[in-house]
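Read the structure below first, then the notes.
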Amino acid sequence: MGRVVLRCIECNEKATELHRDYSNGILKITLCGSCQKPVDKYIEYDPVIILIDAILCKTQAFRHILFNTSLDIHWKLCAFCVLCEAYLRWSLLHSSEPSGHPADIIRYAKEWEFYGMVALASLELAAFCGGVLCLLWAVPGRLQGHDVWPLLRALLLSCYGKVLLVPAVIWEHDFSPLCLGLIKLFVLTSNSQAVRVILNCRRRLALVAVGAGLLSEMLVARACQAGGEHPGDGGHV
Ligand SMILES: [Zn+2]
């Protein structure tokens, strides 16, 4: 996996260091040679402030996280988000059923259904990332010859909003469909901002790339639905 170079969060210019350590114990934030502003003001900020700015989709906060930190929780976060999504679908599947089946066989069938949902959610996430990467690959000069890992890491990290699916399921109420729609919109907005920051491209290209990912995700979901109504029933019933 290639090391992402440090960048100025204001003007996206490459930087060699974020701060300079003087021998008498004084640390000083480096100023950008291009825009004369601090290369990365966020190194002094509290993580909560950085998170709030990332939630607000500020370009500077995204540049700080994606270029100037070595945050490597993307695979764990991705696994957690897949589990959240699988749990949401699984609970929606059973929300209309009367509860209280004591039989073990029903419990096992439900468990297999959950694994089926995990597989489906993973497949859809892979289809989404694949769709985004394929579209950007087709645009000349964007991904060809570049390392795709930083973009993949950015896509996975920017899915962090899916964690909100858990409270949306637990505190179920009449507005749940609206909440789920808003969470989806928020995740897609973060995804497009991540693409824009990594490639330093226009907003329109990032939106088109995310749209292509969404389309590919929906096609895979439709194909899986058509392939079997109960993907995980395992032949128990
Ligand atoms: Zn700068």
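The values are calculated or read from the model by the stated rules, or taken from the named source; none is laboratory data. Keep in mind that this is a model prediction, so the values were computed, not measured. Please note: Cβ atoms are built from the backbone with ideal geometry, for glycine as well, and neighbour counts cover all protein chains shown. To get the accessible areas, we keep the full protein, side chains included, count just its heavy atoms, and leave off ligands, DNA and RNA. Shrake-Rupley method; radii C 1.70, N 1.55, O 1.52, S 1.80 Å.
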### Query
Got a number for carbon plus sulfur as a percent of region 19-68's accessible area, 1.4 Å probe?
57
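Please work out the ratio of the alpha-carbon Rg of region 161-231 to 2.2 N^0.38 Å and round it to two decimals.
Rg over 2.2 N^0.38 Å, computed on Cα atoms: 1.35.
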### Summary
the chain, Gaussian network, Cα under 10 Å: of Arg204, Arg196, Arg89, the residue fluctuating most is Arg204
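Find how much the distance from Asn24 to Trp137 grows on full extension, using 0.36 nm per residue of separation minus their present alpha carbon separation; answer in nm with one decimal.
Full extension from Asn24 to Trp137 adds 35.8 nm.
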### Task
Provide, for the chain, the number of lysine pairs with alpha carbons under 21 Å apart, each pair being eight or more places apart or on different chains.
13
### Query
Under the rule that a partner needs its Cβ under 4.7 Å from the first Cβ, which Cys of the chain have none?
Cys57, Cys78, Cys81, Cys84, Cys129, Cys134, Cys159, Cys179, Cys201, Cys224
### Query
By how many nm would the segment from Cys35 to Val5 grow when fully extended, if each residue of separation counts as 0.36 nm and the alpha-carbon distance is taken off?
9.0 nm
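Under 25 °C and 0.890 mPa s, how fast does region 62-200 diffuse according to Stokes-Einstein, given a Kirkwood radius computed over C-alpha pairs? Answer in µm²/s, whole number.
The Stokes-Einstein estimate is 146 µm²/s.
What does the accessible area per residue of the chain come to in Å², with a 1.4 Å probe and no ligands, DNA or RNA counted?
Here the per-residue accessible area is 59 Å².
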#### Entry: Spin-label proximity, Glu17 to region 30-61 - amide N less than 11 Å from point 7 Å beyond Cα toward beta carbon
30-31
### Message
Counting just the Cα atoms, what span does region 19-68 cover along each of its three principal axes? Round to the nearest Å and put the largest first.
### Response
37, 25, 15
### Query
For the chain, modelled as a GNM with alpha-carbon contacts under 10 angstrom, which of Trp171, Trp112, Trp137 fluctuates the most?
Trp171
### Task
Just the number, please: carbon plus sulfur as a percent of the accessible area of region 74-227, 1.4 Å probe, no ligands or DNA/RNA counted.
69
### Task
Using only Cα atoms, tell me the angle between helix 104-138 and the longest principal axis of the chain; keep it within 0 to 90° and round to the nearest 10.
40
### Message
Modelling each spin label as a point 7 Å along the Cα-to-Cβ direction, I'd like the Leu71/Leu219 distance in nm, to one decimal.
### Response
3.1
### Query
Per residue and in Å³, how big is the convex hull formed by the alpha-carbon atoms of region 125-173?
81
### Message
If every alpha-carbon in the chain counts as one equal scatterer, what log10 I(q)/I(0) does Debye give at q = 0.07, 0.13, 0.14, 0.18 1/Å?
### Response
-0.30, -0.86, -0.96, -1.37
### Principal-axis tilt of helix 176-199 within the chain, Cα atoms, nearest 10 degrees
40
### Query
In debye to the nearest 20, how big a dipole does the chain give about its Cα centre with +1 on each Lys and Arg Cβ and -1 on each Asp and Glu Cβ?
1080
### Task
With everything on Cα atoms, drop me the angle between helix 203-227 and the longest principal axis of the chain, reported from 0 to 90° to the nearest 10.
20
